[in-house]
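Right, one structure below, let's go through it.
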Amino acid sequence: MKALITGITGQDGAYLTQLLLDKDYEVHGLLRRSSSINTSRIDDLISEYTAENRLQLHYSDLLDSSSITNLINSINPDEIYNLAAQSHVSVSFENPIYTTQVGTLGSITILEALKHSDKKIKFYQASSSEMFGGGSKESLNESSAFNPKSPYGASKVFAHDITKIYRDSYDVFGVNGILFNHESPLRGETFVTRKISKAVGRITAGIQEKLTLGNLDASRDWGYAKDYVQGMWLMMQHENPEDWVLATGVTKTVREFAIEAFNHVNLNWEDFVLTSEKYLRPNEVHYLLGDSSKARKELKWKPSVDFSGLVKIMVEYDINEAKKDLALLKDNLISPTWEYPKI
Ligand code: NAP
Ligand code: GDD
């Protein structure tokens with residue numbers, strides 16, 4: 001089996017690549033050229049699998065439609081996972097046009113190529129719980145209404161809808177995975193869970209004093225990313241292309257995540273956490289809780305890690321990372337303060 005992954009260098013791309021290689025797939029990934037190397041999440045896989053051509057990376061960009069179409073034609077994969085996105089909700093307010101271009105053009109470019117392909121190539125679209133908008137406290141499933149609150153959310157609704165339209169109009173095998181938040185040690189450092197776990201590690205090592213966050217009352221249904229990429233693959237093996245929600249069914253506030261993370265190292269979160277308006281968004285998704293009963297019943301999918309388990313995995317990883325930072329600091333190789341601008 002051959003798979004093409006857009007977004008292979010991201011959190012989910014890295015876990016999905018590992019999963020597919022373990023299943024003996026030949027994996028192709030789309031790599032954006034950047035001025036610094038952006039493959040850190042998959043470097044081990046590159047070392048292990050590129051020599052035998054089991055893992056092949058191709059320079060491209062979702063905005064370069066002709067390059068995407070050429071890649072699909074030359075690779076002729078069995079499955080395409082469209083994971084690439086400008087995936088930071090807050091940044092989508094600052095870069096709305098770029099976020100929308102990537103979020104919409106990529107999906108339709110791939111779907112157009114599949115419409116014209118002789119082979120029935122399966123397509124996975126990375127849909128998001130952000131599409132629901134989080135305005136009520138109901139548990140959300142595949143039939144719940146979308147009411148996006150950000151340019152990012154709106155672009156995901158387009159990609160979701162166009163996947164359904166190509167499925168119904170041209171018999172394309174297009175799957176939408178509506179995934180609620182999923183986290184891990186590979187999570188980008190500007191998403192709130194990783195920002196917290198990284199800060200706890202660094203505070204424990206004595207190289208950070210405070211952690212500044214935005215809205216502590218926002219509530220999310222947080223799961224473990226490895227479980228969610230397993231769910232993506234299961235969706236693609238189902239006999240019919242459909243839409244599926246993946247979620248834990250438990251929602252916790254940002255405050256509860258911080259309390260759990262600091263408790264793990266026997267620290268009182270209130271001694272370290274500050275809040276600042278600079279981390280607030282022009283519009284907020286207040287509450288997300290998912291109902292994944294369809295996936296649990298029909299795909300036999302279920303999350304293997306609960307909220308406490310997730311916090312523990314992330315905090316313990318970042319404690320070790322902070323120890324490495326401390327060693328570099330002692331050699332004057334890195335600067336003692338670390339705070340990412342604004343997001
Ligand atoms: P991520 O870590 O931010 O990774 C995003 C990936 O997209 C990176 O590989 C990035 O490449 C790539 N990318 C961005 N713009 C691109 C462009 N113009 N052309 C080609 N590649 C581009 O995201 P993630 O957490 O793995 O999420 C994977 C997908 O699932 C995303 O579409 C996200 O919106 C969606 N999703 C995520 C969650 C979640 O909780 N994680 C929940 C629901 C849906 P670089 O490495 O070069 O930046
Ligand atoms: N990033 C961030 N930084 N968020 C903060 C902070 C902070 O300092 N303080 C509070 N928050 C709040 C945000 O306002 C939001 O309500 C919540 O924490 C989660 O923010 P993020 O971790 O940035 O994730 P997200 O829920 O906005 O988006 C993620 O999940 C979506 C699925 O629902 C991303 O992975 C999206 O790509 C994904 O689609």
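The values are calculated or read from the model by the stated rules, or taken from the named source; none is laboratory data. Please read these numbers as outputs of a predicted model, since none were measured by experiment. A quick note on method: Cβ atoms are made from the backbone with ideal geometry, for glycine too, and the neighbour counts reach across all protein chains shown.
Considering 42, 46, 75, 80, which residue is without any contact (Cβ under 8 Å) to a residue 24 or more places away in the chain, among the β-branched types (Val, Ile, Thr) and surrounded by 13 or more Cβ atoms within 10 Å (Cβ to Cβ)? Show your work before the answer.
Numbers: 42 fails: without any contact (Cβ under 8 Å) to a residue 24 or more places away in the chain; 75 fails: without any contact (Cβ under 8 Å) to a residue 24 or more places away in the chain; 80 fails: without any contact (Cβ under 8 Å) to a residue 24 or more places away in the chain.
Exactly one of 42, 46, 75, 80 is without any contact (Cβ under 8 Å) to a residue 24 or more places away in the chain, among the β-branched types (Val, Ile, Thr) and surrounded by 13 or more Cβ atoms within 10 Å (Cβ to Cβ), namely 46.
Being assigned to a helix (DSSP H, G or I), surrounded by 14 or more Cβ atoms within 10 Å (Cβ to Cβ) and within 18 Å of the chain's Cα centre (by Cα) is true for just one of 311, 315, 285. Which residue is that?
On the way: 315 fails: within 18 Å of the chain's Cα centre (by Cα); 285 fails: assigned to a helix (DSSP H, G or I).
Only one candidate passes the filter, namely 311.
Within the stretch 211-233, which residues are more than 17 Å from the chain's Cα centre (by Cα) and either part of a loop (DSSP other than H, G, I, E, B) or over 20 Å from residue 132 (Cβ atoms) (or both)? Reasoning before the result, please.
From the stretch 211-233, those more than 17 Å from the chain's Cα centre (by Cα) are 211-219; that's our starting set.
211, 212, 213, 214, 215, 216, 217, 218, listed by residue number.
Looking at the stretch 6-36, which of its residues are more than 9 Å from ligand 1 (Cβ to nearest atom), among the β-branched types (Val, Ile, Thr) and under 19 Å from residue 187 (Cβ atoms)?
Scanning the stretch 6-36 gives a single hit, 17.
Taking the conditions exactly as written (more than 9 Å from ligand 1 (Cβ to nearest atom) and either more than 29 Å from residue 149 (Cβ to Cβ) or not hydrophobic (A, V, I, L, M, F, W, C) (or both)), does residue 60 satisfy them or not? So that I can check it myself, show each step before the final result.
Details: more than 9 Å from ligand 1 (Cβ to nearest atom): no; either more than 29 Å from residue 149 (Cβ to Cβ) or not hydrophobic (A, V, I, L, M, F, W, C) (or both): yes.
So residue 60 fails the test.
Mind listing just one residue for me: the one in the stretch 190-202 that is out of contact with any Leu (no Cβ under 7 Å at 6 or more places or on another chain) and over 19 Å from residue 134 (Cβ atoms) and, of those, surrounded by the fewest Cβ atoms within 10 Å (Cβ to Cβ)?
For the stretch 190-202, the residue satisfying everything is 190.
Could you pull out the residue among 139, 169, 150 that is at pLDDT 95 or above and within 17 Å of the chain's Cα centre (by Cα)?
Values: 139 fails: within 17 Å of the chain's Cα centre (by Cα); 169 fails: within 17 Å of the chain's Cα centre (by Cα).
That would be 150, the only listed residue that is at pLDDT 95 or above and within 17 Å of the chain's Cα centre (by Cα).
Could you tell me whether the stretch 142-151 includes any residue that is touching a strand residue (DSSP E or B) at 6+ places or on another chain (Cβ under 8 Å) and surrounded by fewer than 18 Cβ atoms within 10 Å (Cβ to Cβ)?
We begin by selecting, within the stretch 142-151, every residue touching a strand residue (DSSP E or B) at 6+ places or on another chain (Cβ under 8 Å); these are 142.
Filter once more, so that each one left must be surrounded by fewer than 18 Cβ atoms within 10 Å (Cβ to Cβ): 142.
So far as the stretch 142-151 goes, yes, one or more of its residues are touching a strand residue (DSSP E or B) at 6+ places or on another chain (Cβ under 8 Å) and surrounded by fewer than 18 Cβ atoms within 10 Å (Cβ to Cβ).
Which of the residues spanning the stretch 127-141 are aliphatic (A, V, I, L, M) and touching a strand residue (DSSP E or B) at 6+ places or on another chain (Cβ under 6 Å)? Show your work before the answer.
If we filter the stretch 127-141 for residues that are aliphatic (A, V, I, L, M), which is where we start, we get 131, 140.
The answer is 140, and nothing else.
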